[in-house]
1. For the stretch 298-313, which residues satisfy the criterion of being under 21 Å from residue 263 (Cα atoms) and under 17 Å from the mean Cα position of the chain (by Cα)?
2. Please work out which one of (1) within 26 Å of residue 283 (Cβ to Cβ); (2) in a loop (DSSP other than H, G, I, E, B) is the condition residue 79 fails and give its number.
3. For the stretch 379-398, name all the residues that are modelled with pLDDT under 85 and either closer than 14 Å to residue 11 by Cβ or basic (Lys, Arg) (or both).
4. Just one of (1) of a type outside the set (Asp, Glu); (2) modelled with pLDDT of 75 or more; (3) at positive phi trips up residue 111, so point out which.
5. Of (1) modelled with pLDDT of 80 or more; (2) exposed (fewer than 14 other Cβ atoms within 10 Å of the Cβ); (3) farther than 30 Å from residue 155 by Cα, residue 401 satisfies all except one. Which?
6. I need the full set of residues from the stretch 405-460 which are of a type in the set (Gly, Ala, Ser), closer than 16 Å to residue 171 by Cβ and touching a helix residue (DSSP H, G or I) at 6+ places or on another chain (Cβ under 7 Å), in order please.
7. Applying the selection to the stretch 37-61, what residues are within 21 Å of the chain's Cα centre (by Cα) and at pLDDT 80 or above?
Amino acid sequence: MSESLLQAFSGVLGDLRVLLIIVAAAIYGIFLGAVPGLTATMAVALLVPATFFLDPIPALAAVVTVEACAIFAGDIPNALLRIPGTPASAAYADDVYAFTRAGRSAEVLGVCLTFSVAGGVLGTVILALFAPQLARITTWFSVAEYFWLYLLGLSSAVIVSRGSTWKAALALIIGLFLSTVGLSAVHGQARFTFGQAELFQGVNFIPAMIGLFGVSEVFRNILTYDFAATTPGSQAGGPFSPPRSWKQRLAESVRSVFGASLPLLWIRRWHAIRSGMMGSLIGMLPGAGADIAAWVSLAVSKRFSPKPEEYGAGSMEGVSDASSANSGALAGAWVPALVFGIPGDSVTAIVMGVLLMKNIKPGPEIFEKQAVLVYSIFLIFFLANLLLIAAGFLAIKAGGYAVRIPRKVLLPVILLFCVIGSYAINGSYFDIGAMLAMGGLGFALERRRIPLGPVVLGIILGGPLEERFMQTLSSSESAWEAFFSRPMAAALGVASLLVWLAPLVISLRQPRRLLKSVSARLRRLRQGSS
């Protein structure tokens, strides 16, 4: 073990080419992740042709670094433009944008960066120390457990949404309905396609997400904002200040980004550990991914928060916990990929293709036959997360100029990015039309104070939820036995049912409490009059 670890250190830290590849991949990942619609998966997929000419360790160094940096970079358009750069960013889109409107974009992005690095480092530690042991947990999951897990993730979207629970549930139903468009994975029948061949593959969630959050925000700004007004944070503040040296400007920039996030990390260190571990465990489940980790972590954070009313309206606690979880899930997704050869998410599926291209077969034997490669992956994860501090800081400062652009210039640019991001997925004009239609839907829903996050998650998880539901039903003659026969399935099922029953019980008890309060006041009035 020690010899393999030393060889890994020598192969990564002692090779200038690997270090340069890591730096270049960080810049590439930050740039592509910050463009709305260009997700971490697409960034890694576009990088695959370049890995043909690289050795295994440099190739994996590029992939790992791009993945780690692109996930955080998705928070930049999320905060500045209210366009989630990744599906995981949609969980806290309203929270981060609320801080931008208050002129605190650098502060909230600093929190995203700090807790993303903390979650990523914690996920790497879990991957390095417990990968073989924790990978056994995934063997406990059958289709029934995955069904309850997806249902729990959807339930979390309803719980963490601001305002009425019933409106959040309606938004989830809309998302689930949109997920039924296209060829059914279970029956192979076309549903709600109206003869459009482009709809056979269903509603693409990237144009849908861009339209719901980005285009709806453009529509809202056009109708409600004065174009002569400046954007949040664009006002010149205070009296004239003398010129400052570059050291003073650098120190002020560092304080603006990390001045609030580092104390918050110390105060909420146990919350960050909880969220990072939760993200890592969820990331180990094939198909779960960082988006479910972010939603579940946000729901848990709100459940135990002393200020749950702030969630959705600008909660730094929710942003920090969700950021830790989605970064922790990245390393967790490598556990089933390395140990069982089962991709934990779309990125690790691409990674497995790169490994097979290099004649490296993932599986339990990789820890013995390719120990140097495995330790190199662990080390690269550490380096990528540490490098993210500098790369993310520069990206935040560069992106901060966006909030100083006048709205009459900024809104057309946002719309242009929305169009480019939607078209880049499949090179289809139909996706642009779908994006605009979803923008109109998002604008109409927001006018009725219906949250948009559950719609996106419903579109993403609706198909897998239906597929797991039908597979579970067909696995046993009794429906109850199929869904609750296994201990893990029973535990997740009970948790999901409690999540849905709790708001109903609370709503039923509220009229009783009101009646008791009115009765008590009437008794006091009668006693006072007598």
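The values are calculated or read from the model by the stated rules, or taken from the named source; none is laboratory data. Note that the coordinates shown come from a computational prediction; the quantities given were computed from them, not determined experimentally. Note that we place each Cβ from the backbone using ideal geometry, even for glycine, and neighbour counts take in every protein chain shown.
1. 298, 301, 302, 311
2. Here residue 79 clears every test but (2).
3. Correct list: 397 only.
4. Looking at each condition in turn, residue 111 falls short on (3).
5. Going through (1) modelled with pLDDT of 80 or more; (2) exposed (fewer than 14 other Cβ atoms within 10 Å of the Cβ); (3) farther than 30 Å from residue 155 by Cα one by one, residue 401 breaks only (1).
6. 439, 442, 453, 458
7. Correct list: empty.
One line per residue, one yes/no per condition, for (1) over 26 Å from residue 143 (Cβ atoms); (2) over 20 Å from the mean Cα position of the chain (by Cα); (3) outside any helix (DSSP H, G or I); (4) aromatic (Phe, Trp, Tyr):
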position	(1), (2), (3), (4)
170	yes, yes, no, no
173	no, yes, no, no
187	no, yes, yes, no
195	yes, yes, yes, no
200	no, yes, no, yes
203	no, no, yes, no
206	yes, no, no, no
212	yes, no, no, no
